[in-house]
Amino acid sequence: MAHNSEQLVRQVFETLSDFNRPAEEMLAFFTEDYRQLVDGKELGLNDFLIHIKALRQKLKALEIDIQHIISNNDAAATVHIAHVTRASGEKSRIKVIAFYSFRDGKIAFVDELTHPLEGKEGDQALGSVQ
């Protein structure tokens, strides 16, 4: 597991983007009472796992390009671009601004906003798709 919040965020993105790894591996990075607010929707840990599995069904590939990251021991923030390739081959780019709160070396809370930069209508829903 990561030694600091920036490393942890980077490990989460690496694991999320590796579709050869089981989605359940993501659970190791999050507290059991994890909460995520994304574009006005709230997800708990189980909802988040369902979200990851849904992404892997809808997408062929996901690449995260961190534009900016700041971190300290118990918080971090990123601006990143999600490069999405759907199963159909269609591509999208989505800008994400996210704040992370940590507890006991794991992510306890994320507050995130997504903004489609290019792609198809409905891409914003990818941030919370179930």
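Checking each residue in the stretch 114-130 for being over 11 Å from the mean Cα position of the chain (by Cα) and either in a strand (DSSP E or B) or modelled with pLDDT of 95 or more (or both) picks out 115, 116, 117, 118. The residues listed here are 44, 105; of these, the one that is farther than 26 Å from residue 118 by Cα, surrounded by 13 or more Cβ atoms within 10 Å (Cβ to Cβ) and in contact with a His (Cβ under 9 Å, 6 or more places away or on another chain) is 105.
Selection of the stretch 12-28 for residues being open to solvent by 20 Å² or more (accessible area, probe 1.4 Å) and under 16 Å from residue 99 (Cα atoms) yields only 13.
If you go through the stretch 72-98 and pick out every residue that is of a type outside the set (Gly, Ala, Ser) and assigned to a loop (DSSP other than H, G, I, E, B), you end up with 4.
Look at the stretch 50-69: where a residue is open to solvent by less than 60 Å² (accessible area, probe 1.4 Å) and a partner is among the hydroxyl-bearing types (Ser, Thr, Tyr) and part of a helix (DSSP H, G or I), sitting 6+ places away or on another chain with Cβ atoms under 6 Å, you get 62/17; 64/17.
Determine which member of the set 85, 31 is closer than 17 Å to residue 102 by Cβ and hydroxyl-bearing (Ser, Thr, Tyr). Outline the logic, then answer.
Working: 85 fails: closer than 17 Å to residue 102 by Cβ.
The conditions single out 31.
A count restricted to the stretch 42-70 and to residues that are in a strand (DSSP E or B), more than 17 Å from residue 81 (Cβ to Cβ) and in contact with a helix residue (DSSP H, G or I) (Cβ under 8 Å, 6 or more places away or on another chain) stands at 1. Can you name every residue in the stretch 27-48 that is at pLDDT 95 or above, among the hydrophobic types (A, V, I, L, M, F, W, C) and within 11 Å of the chain's Cα centre (by Cα)? Those that are at pLDDT 95 or above, among the hydrophobic types (A, V, I, L, M, F, W, C) and within 11 Å of the chain's Cα centre (by Cα): none in the stretch 27-48.
The values are calculated or read from the model by the stated rules, or taken from the named source; none is laboratory data. Given the structure is predicted, the values throughout are model-derived calculations rather than measurements. Positions of Cβ are generated from backbone atoms using ideal geometry, with glycine treated the same way; all protein chains shown enter the neighbour counts. Heavy atoms of the whole protein, side chains included, go into the accessibility calculation; ligands, DNA and RNA do not. Shrake-Rupley method; radii C 1.70, N 1.55, O 1.52, S 1.80 Å.
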